[in-house]
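Report on the structure given below.
The values are calculated or read from the model by the stated rules, or taken from the named source; none is laboratory data. From a predicted model like this one, the values you see are computed outputs, not experimental measurements. All Cβ positions, glycine included, derive from the backbone under ideal geometry; neighbour counts span all protein chains shown. All accessible areas refer to the heavy atoms of the entire protein, side chains included, with ligands and DNA or RNA removed. Shrake-Rupley method; radii C 1.70, N 1.55, O 1.52, S 1.80 Å.
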Amino acid sequence: MDDISPRAIKVLQEANLLCCEDTRETGKLSSKFGINTKRISFHDGTSSDKIRRIVDSILSGDAVALVSDAGTPVVSDPGNMLVAEAHELGATVYTVPGPSAVTAALSIAGFNSKFIFETFLPQHKTKRRRALRELYSISEKRSVIFFESKHRILETLQEIEKLWGPDNMIALARELTKEYEETFRGTVSALIERCTEQPILGECTVVIAPRNFGKMKIHDWNDQL
């Protein structure tokens, strides 16, 4: 919570309505910073009728803020349909910059700043492998960033090893922008070993180094695992 900016707090305090990924999580934020604005739930299952009513309230003069549980709203969080509908109907949409696991992971990985972001990989094994092959084909000079579940991370790392190889550099950050943030950095094979010995908990952000990153830069980073 301490990553929230003074501007964001002011916006939430002055808004007429907060559309929350989880009203309980936003409630914790509201209690800490004295935000008394009305909260309603807004998630992937929100109906088009509810979205239209929210936009109508914006067009009538209300200030509505979209709030995610962590990180930046709409980046692998609910909200795309609301933002798109607001634009379509002529409402003004502003962004209030805040924490993002994507840029946070990239900044501490120490790899190429050019990157591809894939949100979450498909859950189905065949589709996930296909997605990784596509990413591999364009990763020669770019880092690859995606989110992964703790339940699939080991299997995904094993698929990465088959494509990028055991010595390609990789970083895995868990619970970024949250209380128990932790980052592991090293070769793919070393990270697989780490995850096999001690399962990763929490949401994972994976950063795969470009294929041309170079073994000369590995040094003793595996010791950090």
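Taking a probe of 1.4 Å, how large is the accessible area per residue of the chain, in Å²? Could you put the intermediate results ahead of the total?
Values: 12580 Å² over 225 residues.
Value returned for the chain: 56 Å² of accessible area per residue.
For the cross-link pairs LYS125/LYS162; LYS28/LYS50; LYS125/LYS150; LYS114/LYS150, which exceed 22 Å when the distance is taken from alpha carbon to alpha carbon? Write out the running numbers ahead of the final one.
Values: LYS125/LYS162 14 Å; LYS28/LYS50 24 Å; LYS125/LYS150 15 Å; LYS114/LYS150 26 Å.
LYS28/LYS50; LYS114/LYS150, as the Cα separations exceed 22 Å there.
Normalising by the residue count of the chain, find the relative contact order in percent from Cα pairs under 8 Å and 6+ residues apart.
Numbers: 359 pairs, mean separation 39.4, N = 225.
Reported relative contact order: 18 percent.
Which percent of the accessible area of the chain is formed by carbon and sulfur heavy atoms (probe 1.4 angstrom)?
Values: 6050 of 12580 Å².
Heavy-atom surface of the chain belonging to carbon and sulfur, 1.4 Å probe: 48 percent.
Round to the nearest 10 and give me the degree value, 0 to 90, for the angle of helix 48-59's Cα axis relative to the longest principal axis of the chain.
Roughly 60 degrees, rounded to the nearest 10.
How much length would be gained if the chain were fully extended between HIS124 and ASN80, taking 0.36 nm per residue of separation minus their Cα-Cα distance, in nm to one decimal? Mind dumping the intermediate values first?
Working: separation 44, 0.36 × 44 = 15.84 nm, distance 2.36 nm.
Result: 13.5 nm gained on full extension.
Please report the base-10 log of the normalised intensity I(q)/I(0) for the stretch 1-72, using a Debye sum with one equal scatterer per alpha carbon and no solvent, at each q in 0.12, 0.24 (1/Å).
-0.30, -1.13
Considering the Cα positions of the stretch 101-201, please state its Rg to one decimal place and its Dmax as a whole number of Å.
Rg and Dmax of the stretch 101-201, Cα atoms, are 12.7, 35 Å.
Using 7 Å Cα-to-Cβ label points, what is the PHE33/LYS150 separation (nm, one decimal)?
The answer from the label model is 2.6 nm.
Using θ = phi - 60° and the Karplus curve 6.51 cos²θ - 1.76 cosθ + 1.60, what whole-Hz ³J(HN,Hα) does each residue of the stretch 133-146 get, with Gly and Pro shown as x?
Each residue's phi maps through the Karplus curve to give 4, 5, 5, 4, 5, 10, 9, 4, 10, 9, 6, 10, 10, 7 Hz.
Over the alpha-carbon set of the stretch 84-146, divide Rg by the Kirkwood Rh and report the Rg/Rh ratio to two decimals. Intermediate values should be presented prior to the final figure.
Details: Rg = 15.9 Å, Rh = 14.3 Å.
In the stretch 84-146, Rg relative to Rh is 1.11.
May I ask for the angle, rounded to the nearest 10°, between helix 23-33 and the longest principal axis of the chain, with both axes built from Cα atoms and the value confined to 0 to 90°?
Tilt relative to the chain: about 80 degrees.
Need one number: nm distance between label points at ASN16 and THR95, each 7 Å from Cα along Cα→Cβ, rounded to one decimal.
The answer from the label model is 2.6 nm.
Please report, in debye to the nearest 20, how large the charge dipole of the stretch 58-150 is about its Cα centre when each Lys and Arg carries +1 at its beta carbon and each Asp and Glu carries -1 there.
Values: 10 positive and 9 negative charges, 164 e Å.
Roughly 780 debye for the stretch 58-150.
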